[in-house]
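First up is the structure itself, then whatever we jot down about it.
Taken together, the values in this text are just the output of simple stated rules run on the coordinates, not laboratory data. Please read all numbers here as calculations on a predicted model, not as lab measurements. Note that each Cβ is placed from the backbone with ideal geometry, even for glycine, and that neighbours are counted across all protein chains shown.
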Amino acid sequence: MSGLPDLLTNRGEALALLRRSPACVFTDIDGTLSPIVADPAAATMPAATRAALQTLAERVAVVALTGRSVAHARAMVGLDTVVYSGNHGAEWWEEGAVSIEPAAEPYVERVREIAKAVERGITIPGALLEHKGVSLSVHYRNTAEPDTARSDILDFLDAHAGGMNIREGKMVVEVRPPVELSKGEAVRSFTRRKGLASALVLGDDRTDAEAFAVVREMRDTGAIHGLCVAVATADAPAELLASADYALADTAAVGRFLTWLSGEL
Ligand SMILES: [Mg+2]
């Protein structure tokens, strides 16, 4: 157990928060809205969760914060009323316009070269390259020996992705531009741009802890009202749980919460 209070039993607090307008729900996708599956390309979002998000997006801003490219994220969520911040804050999709953060743009070619090296050099059966333009991921969930695969992938990237930002998530190693971009910075920039009064953030992995940290920081300075909600499955990272206010048990609980919230707001 996470030791965190359950959001479903404290849902009134989330509702009161989001009545402070302008309000925003920032949410991760994989492991938060959609169950994690063996093949990331096969992940889907439950129809009820999509319907809840659609209603919610008519009431408050909804931003999907993801490590996926905005194109994949949009295909998965399937709603054009949602704003997408992809590649961990390096690219945005908003009302049909795609933009890449200027700091990340120069690294697109370097990421392409590293993706080619990974394709040739990482031959572990079951390892999966996801080339996302501004960044790439190497998934090892489907390898026979994930611990060995993880260290082999990290060794390979140490040798071939020098100078880049190498980060780990659940059964995945990511290569990102070495610039100050993260889900946290995405939350900060969107909050400033829209002059948000309140923000609720949902996430399940290490990179979501960066978004939680920014919300806590802005909350401490009185810039916004905010709540951070961890999806507290058995594999939830300690740093995520340590920076969350509330927990939801799994993606099904997230769906139930969003459905209730969309009906109340
Ligand atoms: Mg996730």
Exercise. When the Karplus curve 6.51 cos²θ - 1.76 cosθ + 1.60 is applied with θ = phi - 60°, which whole-Hz ³J(HN,Hα) does each residue of the stretch 21-30 get, with x for Gly and Pro?
Worked result: 8, x, 10, 9, 9, 9, 9, 5, 9, 5
Exercise. Which whole-Hz ³J(HN,Hα) couplings does the stretch 183-199 yield from phi under the Karplus relation 6.51 cos²θ - 1.76 cosθ + 1.60, θ = phi - 60°, glycine and proline marked x?
Worked result: 4, x, 5, 4, 4, 4, 5, 5, 4, 5, 4, 9, x, 5, 9, 8, 8
Exercise. Okay, helix-only estimate at 222 nm for the chain: each DSSP H run of n ≥ 4 adds -39500 (n - 2.57), divide by all residues, round to 500 deg cm²/dmol; what do you get?
Worked result: -12000 deg cm²/dmol
Exercise. For the stretch 130-143, what does the Karplus curve 6.51 cos²θ - 1.76 cosθ + 1.60, with θ = phi - 60°, yield as ³J(HN,Hα) per residue in whole Hz, taken in order and with x for Gly and Pro?
Worked result: 10, 8, 10, x, 7, 8, 9, 10, 10, 8, 10, 4, 9, 7
Exercise. Between the stretch 69-123 and the stretch 128-201, what's the alpha-carbon centroid distance in Å?
Worked result: 11 Å
Seminar exercise, completed: Among the stretch 16-48, those whose backbone N falls under 13 Å of a label point 7 Å along Cα→Cβ from Ala252 are 35
Exercise. Based on Cβ point charges of +1 for Lys and Arg and -1 for Asp and Glu, what charge dipole magnitude is obtained for the chain about its Cα centre, in debye rounded to the nearest 20?
Worked result: 680 debye
For this session: Over the stretch 106-176, calculate the relative contact order: mean separation of alpha carbon pairs under 8 Å at least 6 apart, over the residue count, as a percent.
Result: 30 percent
Seminar exercise, completed: Taking a straight Cα-to-Cα line shorter than 12 Å from Lys183, and setting aside same-chain aspartates and glutamates fewer than 8 residues away, one finds Asp28, Glu91, Asp205, Asp208, Glu210
Problem set entry | Sparsely packed GluC sites (Glu not before Pro) within the stretch 1-98, loop by DSSP, other Cβ within 10 Å at most 13 | Glu95
Problem set entry | Relative contact order (%) - the chain, alpha-carbon pairs under 8 angstrom, separation at least six | 25 percent
Exercise. Over the stretch 106-250, what is the mean sequence separation of C-alpha contacts under 8 Å (at least six apart), divided by residue count, expressed as relative contact order in percent?
Worked result: 16 percent
Exercise. If Lys and Arg each add +1 and Asp and Glu each add -1, what is the summed charge of the other residues whose beta carbon sits under 13 Å from the beta carbon of Ile122?
Worked result: -2
Exercise. If you keep only loop residues by DSSP, which GluC sites (Glu not before Pro) in the stretch 155-230 have at most 15 other Cβ atoms within 10 Å of their Cβ?
Worked result: Glu180
Exercise. Using modelled amide H (1.01 Å from N, peptide plane; none on Pro or chain starts), what sits under 5 Å from the amide H of Thr27, excluding residues fewer than 5 places away?
Worked result: Val63, Ala64, Leu65, Leu202
Seminar exercise, completed: The farthest towards the positive end of the charge dipole of the chain, of the residues His160, Asn142, Val111, given +1 on Cβ of Lys and Arg and -1 on Cβ of Asp and Glu, is Val111
Exercise. Using only Cα atoms, what is the ratio of the radius of gyration of the stretch 113-242 to 2.2 N^0.38 Å?
Worked result: 1.21
For this session: Could you tell me what percent of the DSSP beta bridges with both partners in the chain are antiparallel, to the nearest 5?
Result: 45 percent
Exercise. What do the square roots of 5 times the Cα gyration tensor eigenvalues come to for the chain, in whole Å, largest first, as semi-axes of the equivalent ellipsoid?
Worked result: 30, 20, 17
Exercise. In nanometres, what is the gap between the two model label sites at Glu180 and Asp147, each 7 Å from Cα along Cα-to-Cβ?
Worked result: 3.9 nm
